[in-house]
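K.L.:
Got a structure for you, questions after.
The values are calculated or read from the model by the stated rules, or taken from the named source; none is laboratory data. All figures in this text were calculated on a predicted structure; none of them were measured in a lab. Note that we place each Cβ from the backbone using ideal geometry, even for glycine, and neighbour counts take in every protein chain shown.
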Amino acid sequence: MARYTGAVCKLCRREGKKLFLKGDRCYTGKCSLERRAYAPGQHGQGRKKTSEYGLQLRAKQQAKRYYGIQEGQFHKYFLMAERKKGVTGENLLRICESRIDNVVYLLGWANSRAEARQLVTHGHFKVNGKKVDIPSYLLKAGDVVSIKEKSRESDKIKEILEANASRPVPQWLDLNADDCEAKVTAMPERDQIAAPVEEHLIVEFYSK
């Protein structure tokens, strides 16, 4: 299935919550969800009560759209989460959080996850000293992510770093802003994950 290339603000309106797909715009009054807090389309304001299955489906869709992951990849992550020890839903979110495109965004090295995917694909980052250009690359505790030396001189990268200099970084990431590198100190706990989803509904959806 091809990646969605339409208006991402419609996705937030469809899910009824901010998925932070437009970077800084999501924090301003320009956010489409704040101006039109109902689903898009002719019948967006007249939707009926959602069924139990509908709630589970919406939870899955919210998580996929929040992280920018396609269905096949997301289901693969669910199966991985099931095989791990612990709570399956929390394991699933940890896997999604550990993607390099997500980490690049959380570090303030991109304005959105979509931009982070693009920058990773263009080869601007290293993991443990080696270039990684696959957005779905999963990081683990102890890994060190850095911006390539040549990329640090890019006007685009400089602009992004300056704009996001004050963005808070999650506790499980140890950022050295001066050296443009960060270490994954541990996998995140659930209270350190900001994803606006109810992961138990996703588990119920896939467990049918």
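K.L.:
Taking segment 74-111 as the region of interest, how many residues are of a type in the set (Ser, Thr, Tyr) and free of Cβ contacts under 8 Å to residues at least 12 places away in the same chain? Don't jump to the end; show me each part of the working.
P.N.:
Of the residues in segment 74-111, the ones of a type in the set (Ser, Thr, Tyr) are 77, 88, 98, 105.
Adding the requirement that they be free of Cβ contacts under 8 Å to residues at least 12 places away in the same chain leaves 105.
Here the count works out to 1.
K.L.:
Further, regarding this structure: Pick from segment 190-208 the residues that are within 18 Å of Arg113 (Cα to Cα) and modelled with pLDDT of 95 or more: which of them is farthest from the chain's Cα centre (by Cα)? Show your work before the answer.
P.N.:
Residues of segment 190-208 that are within 18 Å of Arg113 (Cα to Cα), as a first pass: 192-197.
Among the residues that remain, those that are also modelled with pLDDT of 95 or more are: 192-193.
Working: Gln192: 13, Ile193: 10 Å.
Looking at the filtered set, the residue picked out is Gln192.
K.L.:
Moving on. Does segment 72-122 hold any residues that are surrounded by 15 or more Cβ atoms within 10 Å (Cβ to Cβ) and on the phi > 0 side of the Ramachandran plot, and which are they?
P.N.:
Answer for segment 72-122, where residues must be surrounded by 15 or more Cβ atoms within 10 Å (Cβ to Cβ) and on the phi > 0 side of the Ramachandran plot: just Gly108.
K.L.:
With the checklist (1) modelled with pLDDT of 95 or more; (2) over 16 Å from Ala116 (Cα atoms); (3) out of contact with any helix residue (DSSP H, G or I) (no Cβ under 8 Å at 6 or more places or on another chain) in hand, flag the one item Met187 doesn't pass.
P.N.:
Of (1) modelled with pLDDT of 95 or more; (2) over 16 Å from Ala116 (Cα atoms); (3) out of contact with any helix residue (DSSP H, G or I) (no Cβ under 8 Å at 6 or more places or on another chain), only one is false for Met187: (3).
K.L.:
Quick one: is Ala110 part of a loop (DSSP other than H, G, I, E, B) and touching a strand residue (DSSP E or B) at 6+ places or on another chain (Cβ under 7 Å)?
P.N.:
Working: part of a loop (DSSP other than H, G, I, E, B): yes; touching a strand residue (DSSP E or B) at 6+ places or on another chain (Cβ under 7 Å): no.
Judged against the criteria, Ala110 is not a match.
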